[in-house]
Each structure stands twice: as C-alpha cells, then as structure tokens.
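Below is one structure, written out as structure tokens, with a few remarks after it.
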Amino acid sequence: MIKMGINLNENQYKAVNSNSKYIRIIAGAGSGKTRVLINRISYLIQNKITFASKILAITFTNKAANEMKTRVREELDIEGASVIISTIHSLCVRILRQDIQAMNYPRNFTVMDMDDQKSILKEAYKEFGIDKGQITFSSAINFISNNKGAEITVDKAYDLAGKNEVEIKKCHLYKYYVERQNAIYALDFDDLLLVTVKMFRNHGDVLNKWQNKFSHIHVDEFQDVDAVQYELIAQLAGKKNDVYVVGDPDQTIYTWRGADVNIIMNFERDFNPCETIILNQNYRSMPHILNGANHLIKNNSNRLDKDLYTNNTSNDKIVHCTSSSSEYEAVWIASKINDLKKTGTEYNEMAILYRNNYLSRAIEKGLLDAHIPYIMYGGTKFYERAEIKDALCYLRMVENADDLALMRIINKPKRGLGNKAMETILQKSRECNISMYEAISQFELFSTKSQKVIDSFVKMVEKWRVAAETTPIYDLLEMVIDESGYRAMLEEDKEIERLENLKELINDVLSFTVNYPESTLDEYLQLVALYGDKSEIETGQAVQLMTVHASKGLEFDTVFICGMNDGTFPSERSLQDGISGLEEERRIAYVAITRAKNKLFISDCGGYNFVLQKVQVKSRFIDEIDEEYIQHIGISSDYNRPIERIVKPLNDVKLFNEYNEKRDPKKLKKGDLINHGMFGDGVVLKVEGNLAQIAFAYPHGVKKLLVTHPSITKK
C-alpha cells in the first residue's frame with residue numbers, strides 16, 4: 001500500500017488505496033488531485049493489482065498529459081513508461097489507427113487541423129459563390145460541428161433549413177465539406193471521437209478488443225466531460241473494467257462547450273456501487289479566500305456538499321472595492337499593484353481576471369498609464385482586436401481618409417471589390433500623387449458595378465464628414481458602424497463577443513468625450529494610436545490579464561477580479577437562462593476566487609454599460625460572501641456615498657475625493673442614476689447650469705436635458 005504520511009492526508013490516502021471497482025474523487029480546488037492520481041497508478045502497479053500497460057489515464061489537455069507522464073516516469077522509472085496517459089483525442093487516434101478499417105477508412109487517414117478545415121471551406125465558398133462576409137469560417141465550422149455532434153446528416157440539415165437562404169448555404173458548405181473529407185480520407189477533431197464511438201457501437205469485436213486492452217481506466221477533470229466523451233469512456237469500461245474519475249462539480253464551467261455537470265453528479269447511477277471520496281483540504285489558498293469561496297458556492301443546489309479548508313493561516317480579508325466608473329476601477333487596481341510591487345510581490349505573481357474580454361479595455365489603459373507591464377493570456381489586447389481596428393479605420397476615413405484605413409475597410413463588410421479593382425485605385429493615386437480616397441472621389445475609374453459601389457462608399461463617407469462637424473464622437477461612431485453595415489455583418493454571424501467589444505469602444509469614446517469635452521476626433525484617434533503603439537514586456541515580469549475561463553488550472557499569489565457587476569458577472573445571458581445559468585456563473589466565480597493563494601481583490605463599478613445598454617449595479621455574488629471574510633471599501637453600492645472605511649492607497653490616488661462633498665438632493669450631479677419617462681434608466685455624465693448630459697440605453701444614446709424636466713426622477 002501507499003503509506004499515509006508527509007505526502008498524503010487522510011482522504012488522499014483513502015483515494016489512493018481504495019479497492020472499490022468504481023471510484024469518484026471529488027477534488028476541490030488546490031486539493032492535490034494530480035498527486036493522488038500519480039500515487040493511485042503507483043499503488044496499482046506496486047501492489048501487482050494490474051500491469052502498467054493495462055492502465056489508462058485520460059486527460060483533456062496536452063499540458064496535463066505531459067505533466068502526468070513525466071511524474072509517473074519519475075515515480076516508477078521504466079515501468080511507468082508502459083502506462084497509457086493520453087488526451088481523449090490522442091487516444092482515439094491510437095484506436096482508429098489500428099481499427100478504422102472496420103469503418104471502411106484506411107489506417108493512414110489524415111487528421112485535419114483548423115487550417116485544413118478552412119482550406120476545404122475556401123473551396124466550398126468558391127464552388128457555391130458564398131460570400132465570407134455573410135457566413136464566416138467560424139460560423140460555418142460551428143454549424144458543421146453542431147450537426148455532426150447531434151448526428152444530423154446533410155439531408156436532415158437541408159430539411160431543417162427549410163426556406164432560410166442563409167441556412168441553406170450553410171448546408172451547401174456542410175455537404176461539400178463532408179464529401180471532400182470522405183474523398184481524401186480525412187477526419188477533423190470532432191470525427192475522432194464520433195467515429196470511434198460509432199465504430200464501437202457497430203463492431204462488437206473491435207469494442208471487445210479495446211475493453212480487454214485495459215483493466216483500470218482513470219479520467220481527470222471529469223466535470224468537463226461531454227455526452228460523446230462520456231459514451232466513449234463507458235464503452236471502454238464495459239462491465240468488467242475498473243473506473244476511477246476525478247473532478248469537481250463546483251468547477252464545471254464549460255457547459256457552452258458541451259460539458260454537463262450532471263455526468264459527474266450522476267456517475268453512481270451508471271457505475272454502481274460507487275465509492276465517493278472528497279478531497280477538501282486545500283494546499284493553495286489562505287483561509288479567508290477559501291471561506292469566501294465556500295459561502296458563495298453553497299448558494300448552488302446542484303452540487304455535492306464540501307467545504308474547502310486549509311492549515312494555512314492569515315489575518316487578511318478579501319478586499320472589495322466599489323468605484324464610480326470603470327476608469328476609476330482601473331486606476332485603483334493599478335495603484336494596488338504598484339503598492340504590492342513595492343512590498344515584494346512580483347508582477348508575474350499577480351493576475352487580473354474578468355468575465356468577458358471587452359472588460360480589458362479600461363484595465364489595459366489603467367496599467368499603461370501607470371507604466372505597469374502586462375500580457376494578455378489567451379487573448380488579444382483591446383486595441384489590437386480586428387473589429388476595434390476596423391471601427392477606428394472607419395473613423396480615420398472621416399478624419400483624414402488615409403490609404404491604410406481605406407484598404408482595410410472598403411470591403412468590410414464585403415462590397416464586391418476585388419484585388420484588381422484595388423490595384424486600379426492604387427495605380428491612379430500614384431499617377432496623380434494623391435490619396436486613394438481622393439482618386440475614387442475625383443475620378444470615375446470603372447464602368448461597371450464596381451463604380452456604383454465606389455460612388456455609394458464615397459457618398460457615405462462624405463455624409464459622415466458633414467455629420468462630424470456637429471455630432472459628438474460617440475454618436476458618430478454609432479452612425480458609422482450602423483450605416484456601413486459593419487454591425488449588421490457581426491449580428492448576422494452571431495459574433496457576440498466582437499459586438500460587445502464594439503460597444504465597449506463606444507464606451508471608450510464616451511469616456512474620452514466626458515473627460516476632454518473640447519477635444520476633437522483627431523485627438524481621440526491620436527490618443528488611441530499611442531495606447532495601441534506601446535509595446536510592453538511579453539515575457540518575464542508582467543501582470544497577467546485573462547478571462548476566468550482561461551485561468552482554470554492556474555494559480556497566482558494575488559488575484560484581482562474586476563467588473564463584478566450584475567449583467568457582467570453573472571452575465572446577462574445566464575440570468576435569462578434561470579437557475580441553471582446562474583449556477584453556472586456562480587461556479588465560474590468560484591473558480592476565479594480559488595485561483596488566489598494569498599491576496600484577493602474584487603471590484604465593481606458604477607456608470608453606464610454600453611455593452612449591456614443599462615446602468616451598472618453591484619454583482620449579487622459579492623453579497624453572497626459572508627461579511628466575516630470580506631472588507632468593503634470605496635463608495636457605497638449606490639455609487640454615490642463614500643464608505644467610511646477607505647484605506648490610505650485610495651486617498652493617495654485621489655479616487656474618491658469628489659464623493660466627499662455633501663450632496664444636494666435637489667440637484668443632479670455627475671454619476672446620479674435617473675429615470676426618464678420616455679428614455680428609461682440613465683446615468684448623469686455631466687451637468688452645466690440647468691442642462692444635464694445623460695446616457696440612456698441604445699438607441700436613445702446621450703441626451704442633453706433640463707435638470708428640472710418633470711420626466712426626470714432620481715433613483
């Protein structure tokens with residue numbers, strides 16, 4: 001037996017040495033699950049319960065598989081090399097290379113990557129004359145993947161499409177893609193699983209062979225398993241093989257990718273009798289962090305009860321800061337990072353987590369202004385995102401119509417101008433020593449449909465130029481992305497994240513206008529260029545920015561969770577999904593909190609959220625953390641009154657000084673939340689005399705109204 005001692009606590013010991021056939025390990029965050037898995041494999045081999053070659057361990061990332069292989073070989077020397085440790089996709093490749101002939105495929109089939117998929121789709125787009133502006137590669141690949149996963153054939157997909165022209169075009173792409181795959185004997189990542197499962201269903205002799213190959217099957221991160229993966233695991237297990245799964249229902253955060261929390265919750269129904277062992281001693285975090293996480297997640301009903309605990313000691317609390325706007329929130333985070341750096345915490349030991357990528361905009365600006373190096377983990381910096389560059393290039397067309405801006409956006413969305421047309425425009429501009437926009441404005445270069453497209457484009461830009469003389473920049477940006485068709489293009493492709501980023505850009509423009517009321521469009525574009533041009537450290541000492549999903553499996557000395565507002569975290573879509581959606585969001589928050597080892601900071605902010613088209617309010621999750629473990633600083637949750645317990649760093653950066661004045665309840669002030677009889681809820685951006693500048697939800701935008709107007713009531 002593996003001895004209990006310095007390496008194993010009591011529950012870990014039970015998990016390693018159990019003789020049950022079916023075992024479910026509920027492994028809390030930071031509870032040493034990898035150590036348990038390694039020791040479990042060692043236990044099976046050292047006690048001669050089975051041969052190393054008959055042990056299978058399935059993981060879900062190459063990184064995890066490689067780490068486990070290394071540790072098993074360190075523990076067991078040469079014998080450890082015989083254990084099959086693999087991602088589930090690599091396991092399927094191994095199986096199919098031996099037996100796919102049963103499915104009338106050659107053993108030397110091709111495994112397609114994303115570039116291969118796009119290559120086939122490019123052929124299909126050309127074959128059917130489909131515009132990539134109407135159906136993006138990502139939407140086509142998702143359509144194909146979803147249909148394959150649901151076992152919907154091409155013919156059935158056509159039936160479901162009915163008379164919807166866009167859906168019919170997607171079916172054309174699906175049909176071409178599948179036929180091309182079959183012609184070249186190629187499988188994509190979805191097929192690796194689907195074909196293996198189908199082969200096992202239809203060929204009992206092949207299934208029996210692979211069931212006999214293994215005796216003990218281990219599955220890591222079992223909470224992330226989807227229906228197809230679970231069927232494959234059940235097929236390999238059969239009735240005689242032992243099954244050992246490790247996971248945490250409280251960390252099921254990939255339901256949008258097919259993960260189903262009920263698979264781990266109901267494991268004992270399919271594998272009975274099942275022994276469940278809970279690993280709840282955490283080796284990562286301080287008590288206040290774990291207690292905060294425990295109190296939050298207890299509000300979920302669909303879970304197995306467990307309380308994480310630790311032998312670590314600390315007198316700290318989680319710090320929650322409420323700011324008046326996302327800009328102030330970013331300044332506060334930057335100031336805390338600088339304070340921590342001065343006291344010995346390195347930049348690369350700190351992480352800023354957010355629920356959605358668009359939230360990085362204000363944070364990035366705050367860090368750049370404070371000269372704090374940062375890297376985006378698994379994402380792109382805000383001003384480098386394609387949709388942001390496109391929108392800014394449209395604004396550049398209004399301001400100075402430079403050649404680079406024109407070449408980037410003249411065909412976004414698609415307007416039917418090919419490379420030959422662009423070469424003609426470029427040649428004319430060089431001949432006359434003028435810009436490309438001047439060339440298309442002054443000369444009729446085509447006698448075909450292309451000229452009508454050019455004339456329409458020029459007319460559109462000239463209209464915006466006239467409007468720019470009297471229209472605020474944020475209204476101008478709304479006008480540009482609407483009238484150009486850019487927003488409609490993203491909406492048609494259901495590019496939700498890119499649309500959110502565009503709305504956040506509008507928020508950025510609005511903040512600029514409020515802070516610099518006399519500034520021009522040119523000055524805004526220059527400022528953005530400066531932010532986008534700053535090259536920061538990409539390795540080594542840098543604060544790490546990432547979504548909560550990207551942070552799973554990672555840990556940091558200090559964690560900041562920003563944007564903790566209802567509608568953002570929990571997300572608006574999850575709130576519409578009811579209990580299940582809210583519980584998923586709470587699990588995501590639980591994962592975020594448990595990334596922190598020593599210090600945890602949570603922040604929310606007031607102001608108007610252009611992405612959600614509403615005034616921001618504090619996240620309900622903050623109130624679910626017991627007051628014993630959290631300290632509230634900044635301003636109160638109505639974003640107006642200061643809280644008495646303001647720590648010194650906040651005063652140092654003068655974040656909240658404007659809130660120390662006594663408020664006159666009869667007057668409107670910047671930051672007030674109001675309701676208008678016609679326009680709905682809004683937030684006061686600025687007050688000049690008897691006029692208030694108020695931001696309302698789209699399509700109303702920003703309005704100037706009399707503060708004494710009877711339709712306005714303060715909230």
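The values are calculated or read from the model by the stated rules, or taken from the named source; none is laboratory data. Keep in mind that this is a model prediction, so the values were computed, not measured. In this analysis, Cβ positions are derived from the backbone assuming ideal geometry, glycine residues included, and neighbour counts consider all displayed protein chains. Each accessible area value is taken on the protein alone, full model and side chains, heavy atoms only, with ligands, DNA and RNA left out. Shrake-Rupley method; radii C 1.70, N 1.55, O 1.52, S 1.80 Å.
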Worksheet item: Quick check: anything in the stretch 686-703 among the aromatic types (Phe, Trp, Tyr), at pLDDT below 60 and surrounded by 12 or more Cβ atoms within 10 Å (Cβ to Cβ)?
Response: no
By residue number, the members of the stretch 217-237 that are outside any helix (DSSP H, G or I) and either of a type in the set (Lys, Arg) or open to solvent by less than 20 Å² (accessible area, probe 1.4 Å) (or both) are Ile217, His218, Val219, Asp220, Val225
Is it the case that some residue within the stretch 33-46 is at pLDDT below 95, open to solvent by 20 Å² or more (accessible area, probe 1.4 Å) and part of a loop (DSSP other than H, G, I, E, B)?
no
Lys163 meets each of (1) in contact (Cβ under 8 Å) with a residue 24 or more places away in the chain; (2) not in a helix (DSSP H, G or I) with one exception, condition (1)
So, first residue more than 25 Å from Gly578 (Cα to Cα) in the stretch 299-312, second residue open to solvent by 40 Å² or more (accessible area, probe 1.4 Å) and outside any loop (DSSP other than H, G, I, E, B), Cβ within less than 9 Å, six or more apart or across chains; the pairs are Asp307/Asn291; Leu308/Asn291; Tyr309/Asn291; Asn312/Lys597; Asn312/Asn598
Within the stretch 296-331, the count of residues that are open to solvent by 30 Å² or more (accessible area, probe 1.4 Å), under 17 Å from Gly30 (Cα atoms) and among the β-branched types (Val, Ile, Thr) comes to 1
In the stretch 61-79, anything within 20 Å of Glu221 (Cα to Cα), touching a helix residue (DSSP H, G or I) at 6+ places or on another chain (Cβ under 6 Å) and open to solvent by 40 Å² or more (accessible area, probe 1.4 Å) is listed as Arg71
Note on Lys670: of the conditions (1) modelled with pLDDT of 65 or more; (2) surrounded by 17 or more Cβ atoms within 10 Å (Cβ to Cβ), unmet is (2)
Per the filter on the stretch 223-255, residues touching a residue at least 60 places away in the same chain (Cβ under 8 Å) and of a type in the set (Phe, Trp, Tyr) are Tyr244, Tyr254
Residues of the stretch 554-566 being over 22 Å from Glu497 (Cβ atoms) and of a type outside the set (A, V, I, L, M, F, W, C), in sequence order, are Glu555, Asp557, Thr558
Quick count over the stretch 369-395, residues being in a helix (DSSP H, G or I) and either under 27 Å from Glu483 (Cα atoms) or open to solvent by less than 10 Å² (accessible area, probe 1.4 Å) (or both), is 13
All conditions in (1) of a type outside the set (A, V, I, L, M); (2) touching a residue at least 12 places away in the same chain (Cβ under 8 Å); (3) in a helix (DSSP H, G or I) are true of Asn212 except (2)
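Matching residues to (1) among the β-branched types (Val, Ile, Thr); (2) over 22 Å from Thr34 (Cβ atoms); (3) open to solvent by 40 Å² or more (accessible area, probe 1.4 Å); (4) in a helix (DSSP H, G or I):
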position: Tyr244; (1), (2), (3), (4): no, no, no, no
position: Asp250; (1), (2), (3), (4): no, no, no, yes
position: Ala259; (1), (2), (3), (4): no, no, no, no
position: Glu275; (1), (2), (3), (4): no, no, yes, no
>> One residue is enough: does the stretch 95-108 have a residue meeting the conditions in a loop (DSSP other than H, G, I, E, B) and either acidic (Asp, Glu) or open to solvent by less than 20 Å² (accessible area, probe 1.4 Å) (or both)?
In response: no
Among (1) hydrophobic (A, V, I, L, M, F, W, C); (2) free of Cβ contacts under 8 Å to residues at least 60 places away in the same chain; (3) open to solvent by 30 Å² or more (accessible area, probe 1.4 Å), Phe200 falls short only on (3)
If we ask which residues in the stretch 414-473 are over 30 Å from Glu523 (Cβ atoms) and in contact with a Cys (Cβ under 9 Å, 6 or more places away or on another chain), their number turns out to be 1
Being open to solvent by less than 20 Å² (accessible area, probe 1.4 Å), at pLDDT 70 or above and of a type in the set (D, E, K, R): is that true of Asp623 here? no
The condition of being surrounded by fewer than 17 Cβ atoms within 10 Å (Cβ to Cβ) and of a type outside the set (S, T, N, Q) holds, among Lys163, Lys169, only for Lys163
Scanning the stretch 450-476 for residues that are modelled with pLDDT under 90, surrounded by fewer than 18 Cβ atoms within 10 Å (Cβ to Cβ) and among the polar types (S, T, N, Q), the one farthest from the chain's Cα centre (by Cα) turns out to be Thr470
Screening Tyr516, Tyr524, Tyr486 for residues that are more than 30 Å from Leu582 (Cα to Cα) and within 25 Å of the chain's Cα centre (by Cα) leaves only Tyr486
(Q) Going by what's in this entry, would Leu279 be described as open to solvent by less than 10 Å² (accessible area, probe 1.4 Å), of a type outside the set (D, E, K, R) and under 22 Å from Val16 (Cα atoms)? (A) yes
